[in-house]
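The values are calculated or read from the model by the stated rules, or taken from the named source; none is laboratory data. A quick note: this is a predicted structure, and the numbers were derived from the prediction, not measured. Here the Cβ is made from the backbone with ideal geometry for all residues, glycine too, and neighbour counts use every protein chain on show.
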């Protein structure tokens, strides 16, 4: 899956925030979260509190930072789940000794672990979003692309959609200007009325 985006302007890369959570600080936090799976440790790595990290996530619920947070935890969860599944299916070897000598082995199976894995089956999947929504391009395993999306901005999906709309309007205006130039300016009023109606 391709997540191509036009590079953001320098201002978009380093916005001024009153809560201290600059774009670079968010990205560094996400990297630390993916490595440690500890919100407290990741927050300390960027000089912020655990509470402020959760507050930022709550404010940006459903936005790129929130989805990247979930994906950061998923980075190591899959490996952990595979190891747990192996123990649930194959059990753990238990050695038996008598008078200090190994006399045999058996395998012990943890039914609680098996039940826990079955209960978790299907959880942590992709969020339900419209296929046309930008968030639909990303899954819970897409930490790298989501991290890049947070770094490049904009901060919210709505801002991205607005930028895309403005780009389409600019493209249309340029095409209309070229057409009017070729036609000698005929139909200017109708075209402008149509463009105003689309923007509204």
- Members of the stretch 164-193 that are modelled with pLDDT under 80 and surrounded by 15 or more Cβ atoms within 10 Å (Cβ to Cβ): 191
- Sort out which residues of the stretch 48-61 are closer than 15 Å to residue 23 by Cβ and assigned to a loop (DSSP other than H, G, I, E, B), and write them in order of number. 48, 60
- Can residue 140 be described as modelled with pLDDT of 85 or more and surrounded by 14 or more Cβ atoms within 10 Å (Cβ to Cβ)? no
- Item | Filter result (surrounded by 12 or more Cβ atoms within 10 Å (Cβ to Cβ) and without any contact (Cβ under 8 Å) to a residue 40 or more places away in the chain) within the stretch 152-163 | 159, 160, 161, 162, 163
